[in-house]
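Comments concern the structure below.
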Amino acid sequence: MTTEREPLLEVKDLRVSYGAIRALSGVSLKVYEGEIVSVIGSNGAGKSTLMNAIMGMVRREAGEVRLSGSLLDSRSYRVVQQGVSLSPEGRKVFAPLTVLENLRMGAFPRGGQGSIGEDLEWVFTLFPRLKERIGQYAGTLSGGEQQMLAIGRALMSRPRVLLLDEPSLGLAPIIIKDIFKELRLINNEGVTILLVEQNARQALLLSDRGYVLQTGEMVMDGPSQELLANPEIKAAYLGAGGEKAIRSVKH
Amino acid sequence: MATLIQQIINGLSLGSVYALIAVGYSLVYSILLFSNFAHGGFLVIGGYFCYGSLRLLGAGIWTAGALALIGAGFAAVLTERLAYRPIRERTNVTLYLLIASMGMNIVIENIFVIIVGGRFRALPPVIPTTPVSVMGLATTSAFDLISLLSAVVFLGALQLFLSKTRWGLAIRAAAYDLRTAGLMGVNVNLLISIVFFVAGFLAAVGGIFLSVRYTLYPQLGAITIKAFVAAVIGGLGSLPGAVIGSLILGLAEMLTAGFISSQMRDLVVFSLLVITLLVKPTGLFGKSVSEKV
Ligand SMILES: Nc1ncnc2c1ncn2[C@@H]1O[C@H](COP(=O)(O)OP(=O)(O)OP(=O)(O)O)[C@@H](O)[C@H]1O
Ligand SMILES: [Mg+2]
């Protein structure tokens, strides 16, 4: 704690309200270069609000968001240009556009400069299924494929930090496993990841550190292993199956 | 037979002018989900820009045309900045945009009543109206062929813009989901300005041809109600729909005028609208409501 490394992404005392409803009341977090950090929390905790506020999609009422020490713009198109991109909750692929066109949209901020060929190849290496479906309309993809497309699309802007809002939402366990495996690979290639999930176990198993968000406030944080073992977390977020799984490790 | 061919050509020509207006309507609708009733104003602005350049500046038709299209494009952008953006930034309720657009239509109309007066003005004979024989089967006027050809060129250019360019792709994405397009790093306000520029630009092409056909006056924009009907018949928000709907409407009008009576034209137009709304409320190519989230 003596030699403070500068975080790549830092959120400080962030407050967001929807009218009279306060969704985030002073949330802070740090993500260091190369990390995978997860934020877990139940329905309505404010996870999506946090992601959208970082992206400038909802107004930040107070507090600040910094990337490598400099303030992130409040306009989302500038945020993307500055090096942060989001794979949003519910995937939000452009259904009437093809897989290729969706990926091109992800590369939009790069303008005409440079070819996107290399990045397409990268995304196709991560998700070969997208390559097979390159000309297919995104709306006709399966849920898992749409999630891969949403992640691939977010990667096309070559972000320094990739934000993921519930990538496991509505997917079968086997697909979730696949996608989380790819997230690990993406991280190994130098992309820092901030992930919010209701699926706390998967998120904590993947991440280095975790935060617990509860009705708009961070109530706990620490290395993911510790959170996984924490009895309060187990009771509140990991459910019965989780408790069993972790109890077998404990003595 | 000759009358039939002649009326079909006239109908396609009129329909193609409607199409230029209807696609702008539809384009704006597809992005912001409201019917921009100031669209007729853009057409009138284009008409007066052209008239002014020809009469006052002594410009040729090419220069006057270019000034008209660009002028109307910027006027449309200005309208959006002044009247719609402040509303967009405060609320998601598109009804307010609709009401604001009705207000802007009246504002634009009255600006012209005050500045240039309400009288009908004929454009100088810059577009030839000489009779032309169509493969010896029928005669039509050069004007109809030129307006048909111009519409094809401009609609083709729009299609190329939308399908081949980066901003065209962004507009198609935004038509499906504006918010998510913003999340991709698209400057949404700039995108909306581009859409309004294109809408104003194309409306002005229609405006010039309509001014030649019917003379120019501040209320000429009221004719966009036909283009609006065409856009609804084709399916609001769908560009192919807007074009097809316009051609159907133009043909219906001219065939009615040729074979029944000119006075029945509007009756037929609005009957088509009512039938469409009864049979398929989303129009020929319309998105079903559930598809739009
Ligand atoms: N557009 C909105 N208008 C009003 N209230 C909102 C809006 N979006 C979110 N909220 C409220 O803000 C709070 C946080 O919502 P948020 O979507 O951030 O939660 P979440 O943690 O992502 O939940 P979930 O796990 O269900 O996705 C909730 O109480 C929600 O009702
Ligand atoms: Mg959420």
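The values are calculated or read from the model by the stated rules, or taken from the named source; none is laboratory data. Note that this is a predicted model, so its numbers are computed, not measured. Neighbour counts are summed over all protein chains in view; Cβ atoms, including those assigned to glycine, are modelled from backbone coordinates with ideal geometry.
Data overview
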item	result
Total residues in the range A:47-85, condition under 15 Å from the mean Cα position of the chain (by Cα), more than 14 Å from every other protein chain (Cβ to nearest Cβ) and closer than 25 Å to A:Gly34 by Cβ	2
Given (1) more than 24 Å from B:Phe197 (Cα to Cα); (2) in contact with a Gly (Cβ under 7 Å, 6 or more places away or on another chain); (3) small (Gly, Ala, Ser), number of the condition B:Gly58 does not satisfy	(2)
Residues being away from ligand 2 (no atom under 16 Å from the Cβ) and within 13 Å of A:Val39 (Cα to Cα) - total across the range A:187-216	9
Some residue of the range A:108-118 being within 11 Å of another protein chain (Cβ to nearest Cβ), in contact with a Phe, Trp or Tyr (Cβ under 8 Å, 6 or more places away or on another chain) and away from ligand 2 (no atom under 16 Å from the Cβ)	yes
Count of residues meeting criterion [more than 22 Å from A:Glu101 (Cβ to Cβ), away from chain B (no Cβ under 14 Å) and within 16 Å of ligand 1 (Cβ to nearest atom)] in the range A:145-200	13
Checklist (1) modelled with pLDDT under 95; (2) hydrophobic (A, V, I, L, M, F, W, C); (3) more than 17 Å from B:Gly52 (Cα to Cα) applied to B:Leu123, failing item	(3)
Evaluation of A:Leu169 against (1) within 15 Å of ligand 2 (Cβ to nearest atom); (2) closer than 18 Å to A:Lys30 by Cα; (3) over 11 Å from the mean Cα position of the chain (by Cα) (one fails), failing number	(2)
Output for the range A:27-44, where each listed residue is surrounded by fewer than 23 Cβ atoms within 10 Å (Cβ to Cβ) and near ligand 1 (Cβ under 9 Å from one of its atoms)	A:Ser42, A:Asn43, A:Gly44
Residue match in the range A:26-46 (condition: within 14 Å of chain B (Cβ to nearest Cβ) and either of a type in the set (Asp, Glu) or within 29 Å of B:Leu239 (Cβ to Cβ) (or both))	no
Residue that is surrounded by the most Cβ atoms within 10 Å (Cβ to Cβ), among those in the range A:86-103 that are over 29 Å from A:Val39 (Cα atoms) and facing chain B (nearest Cβ under 9 Å)	A:Leu97
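Every residue, every condition in (1) in the same structural domain as A:Tyr77 (by TED's automatic domain parsing); (2) at pLDDT 95 or above; (3) of a type in the set (D, E, K, R); (4) within 16 Å of ligand 1 (Cβ to nearest atom), yes or no:
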{"residue": "A:Thr3", "(1), (2), (3), (4)": "yes, no, no, no"}
{"residue": "A:Leu8", "(1), (2), (3), (4)": "yes, yes, no, no"}
{"residue": "A:Ser48", "(1), (2), (3), (4)": "yes, yes, no, yes"}
{"residue": "A:Asn52", "(1), (2), (3), (4)": "yes, yes, no, yes"}
{"residue": "A:Met55", "(1), (2), (3), (4)": "yes, yes, no, yes"}
{"residue": "A:Arg66", "(1), (2), (3), (4)": "yes, yes, yes, no"}
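Residue-wise test of (1) touching a strand residue (DSSP E or B) at 6+ places or on another chain (Cβ under 8 Å); (2) of a type outside the set (Gly, Ala, Ser); (3) within 16 Å of ligand 2 (Cβ to nearest atom).
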position	(1), (2), (3)
A:Lys30	yes, yes, no
A:Gly44	no, no, yes
A:Gly56	no, no, no
A:Glu61	yes, yes, no
A:Ser74	no, no, no
A:Arg91	no, yes, yes
A:Leu97	yes, yes, no
A:Glu101	no, yes, no
